[in-house]
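Asker: Here it is: the structure, laid out below.
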Amino acid sequence: MTHSNIQDPVVSRQTPRSDFSIDQCWSEYTADEHAVWDLLYARQLDILKDRAAPEFLEGLETLELSRSGIPDLERLNPALSALTGWEIVMVPHLVPDDVFFTHLANRRFPAGRFLRRRDQLDYLQEPDVFHDIFGHVPMLANPVFADYMQAYGQGGLRALNLGTLKNLARLYWYTVEFGLINTPNGLRIYGAGIVSSSGESRYALENAEPNRMVFNLERTMRTNYEIDKFQKTYFVINDYAQLFKATQQDFGPIYDRLIADTTSYDTKEIISEDQLIG
Ligand code: PHE
Ligand code: FE
């Protein structure tokens, strides 16, 4: 597999620190990279203004992510940290699970430094700076969601020890990456994997194919997912406090059940307890 980040000379010349972080070297992004960011940004904003969760759009605004070009962490981090105490660290590629969770548990979000090429606007396998910053950072400006992400990091370290990471990773997938939220104006998107994809931003709300169901913690943890296709099932929360509260309980008993009975559901499956929406 060819990794796009290997073609980023600013990444490949650096030796990552022990926490896998590297320097952004913002001044070394090329004019073309900034232009590709602007193109992605304009395209997504047009789609998302009526589809993204209000908290996501608010985050874009307060953090001034609409400024032209790839964000400079020297500007973005003070702004984000003043709001919720989070900051972004640059990494060369996907980091090992324990490293990822340790960053989250300390309110640091690891982001890829490289940007997708012009011929990859729609899909790439590894998270780049557009997915990681445009997709994830706006929600980190929301205090409740910010706490959820930190708690997830702590929970990740625990799941790693208990051997239940597969289940916990599904929760991340169906909330942080592909979550939908109910609002007075209808369903809206808060998941980073959706907001950074022009195709899935429309599909997630408008296509008749996928299931949209009321969020159920243990159900998400038993639901398989496919990383290279649009989702066949989305889970819908009512607010972030509900999500936070559901995940504040001790997962020990849930993990015991998941270990004793390893039933998992197919991406498209509907079971009797599911509450479908729409
Ligand atoms: N409460 C979970 C546990 O006991 C930790 C967690 C919090 C997991 C938030 C995910 C999200 O392991
Ligand atoms: Fe992501």
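Asker: Tell me which of these ALA204 doesn't satisfy, since it passes every other one: (1) within 16 Å of ligand 1 (Cβ to nearest atom); (2) within 24 Å of ILE133 (Cβ to Cβ).
Answerer: (1)
Asker: Continuing with the same structure: If you scan the range 208-245, which residues turn out to be farther than 15 Å from ASP274 by Cβ and over 19 Å from the mean Cα position of the chain (by Cα)?
Answerer: If the condition is that a residue be farther than 15 Å from ASP274 by Cβ and over 19 Å from the mean Cα position of the chain (by Cα), then ALA208, GLU209, LYS245 are the ones that fit.
Asker: Taking helices (runs of 4 or more DSSP H) that fall entirely within the range 1-91, which contain at least 2 residues that are in contact with a Gly (Cβ under 8 Å, 6 or more places away or on another chain)?
Answerer: The qualifying helices (runs of 4 or more DSSP H) are 31-48.
Asker: Would you mention how many residues in the range 223-264 are closer than 25 Å to MET139 by Cα and away from ligand 1 (no atom under 15 Å from the Cβ)?
Answerer: Let us first name the residues in the range 223-264 that are closer than 25 Å to MET139 by Cα, namely 223-251.
Imposing the further condition that a residue be away from ligand 1 (no atom under 15 Å from the Cβ) reduces the set to 223-234, 236, 238-239.
Adding up the residues that qualify gives 15.
Asker: Let me ask something else. Is it the case that the range 86-107 has a residue that's of a type in the set (Lys, Arg) and either free of Cβ contacts under 8 Å to residues at least 12 places away in the same chain or out of contact with any Leu (no Cβ under 9 Å at 6 or more places or on another chain) (or both)? Walk me through how you get there before you give the answer.
Answerer: Initially, the range 86-107 is screened for residues of a type in the set (Lys, Arg), giving 107.
Right, trim to either free of Cβ contacts under 8 Å to residues at least 12 places away in the same chain or out of contact with any Leu (no Cβ under 9 Å at 6 or more places or on another chain) (or both) and you get none.
Within the range 86-107, none of the residues are of a type in the set (Lys, Arg) and either free of Cβ contacts under 8 Å to residues at least 12 places away in the same chain or out of contact with any Leu (no Cβ under 9 Å at 6 or more places or on another chain) (or both).
Asker: Inside the range 211-224, can you point out the residues that are surrounded by 18 or more Cβ atoms within 10 Å (Cβ to Cβ) and either under 19 Å from GLN120 (Cβ atoms) or without any contact (Cβ under 8 Å) to a residue 60 or more places away in the chain (or both)?
Answerer: PHE215, ARG219, THR220, MET221, ARG222, THR223
Asker: I'd like the full set of residues that are acidic (Asp, Glu) and either within 15 Å of GLY193 (Cβ to Cβ) or within 16 Å of ligand 1 (Cβ to nearest atom) (or both), limited to the range 101-154.
Answerer: Pass one, the range 101-154, residues acidic (Asp, Glu): 119, 122, 126, 128, 132, 147.
Once the filter is applied, which keeps residues that are acidic (Asp, Glu) and either within 15 Å of GLY193 (Cβ to Cβ) or within 16 Å of ligand 1 (Cβ to nearest atom) (or both), the range 101-154 yields ASP122, GLU126, ASP128, ASP132, ASP147.
Asker: Regarding VAL195, is this residue crowded, with 20+ Cβ neighbours inside 10 Å and touching a strand residue (DSSP E or B) at 6+ places or on another chain (Cβ under 9 Å)? Walk me through how you get there before you give the answer.
Answerer: On the way: crowded, with 20+ Cβ neighbours inside 10 Å: yes; touching a strand residue (DSSP E or B) at 6+ places or on another chain (Cβ under 9 Å): yes.
Yes, satisfied.
Asker: Can you name every residue in the range 240-270 that is assigned to a loop (DSSP other than H, G, I, E, B) and either farther than 24 Å from ILE227 by Cα or in contact with a Phe, Trp or Tyr (Cβ under 8 Å, 6 or more places away or on another chain) (or both)? Let's see the steps before the verdict.
Answerer: Start the filter on the range 240-270 by keeping residues that are assigned to a loop (DSSP other than H, G, I, E, B), which leaves 249-251, 261-264, 266-270.
Of everything in the range 240-270, those that are assigned to a loop (DSSP other than H, G, I, E, B) and either farther than 24 Å from ILE227 by Cα or in contact with a Phe, Trp or Tyr (Cβ under 8 Å, 6 or more places away or on another chain) (or both) turn out to be GLN249, ASP250, PHE251, ASP261, THR267.
Asker: Now for a separate question. Can you tell me which residues in the range 168-192 are small (Gly, Ala, Ser), surrounded by fewer than 22 Cβ atoms within 10 Å (Cβ to Cβ) and over 13 Å from GLY278 (Cα atoms)?
Answerer: Passing the criteria: only ALA169.
Asker: In addition: Please go through the range 158-182 and pick out each residue that is under 17 Å from the mean Cα position of the chain (by Cα), more than 15 Å from ligand 2 (Cβ to nearest atom) and either outside any helix (DSSP H, G or I) or closer than 17 Å to PRO54 by Cα (or both).
Answerer: Result: LEU180, ILE181.
Asker: Within the range 114-135, which residues are part of a helix (DSSP H, G or I) and under 15 Å from LEU45 (Cα atoms)?
Answerer: To start, the set of residues in the range 114-135 that are part of a helix (DSSP H, G or I) comprises 118-120, 129-135.
Of everything in the range 114-135, those that are part of a helix (DSSP H, G or I) and under 15 Å from LEU45 (Cα atoms) turn out to be PHE130, HIS131, ILE133, PHE134, GLY135.
Values quoted throughout were computed directly from the atomic coordinates according to the rules given, and no laboratory measurement underlies them. All values derive from a computational prediction rather than experimental measurement. When we count neighbours, we look across all protein chains shown, and the Cβ atoms used for this are built from the backbone with ideal geometry, even at glycine.
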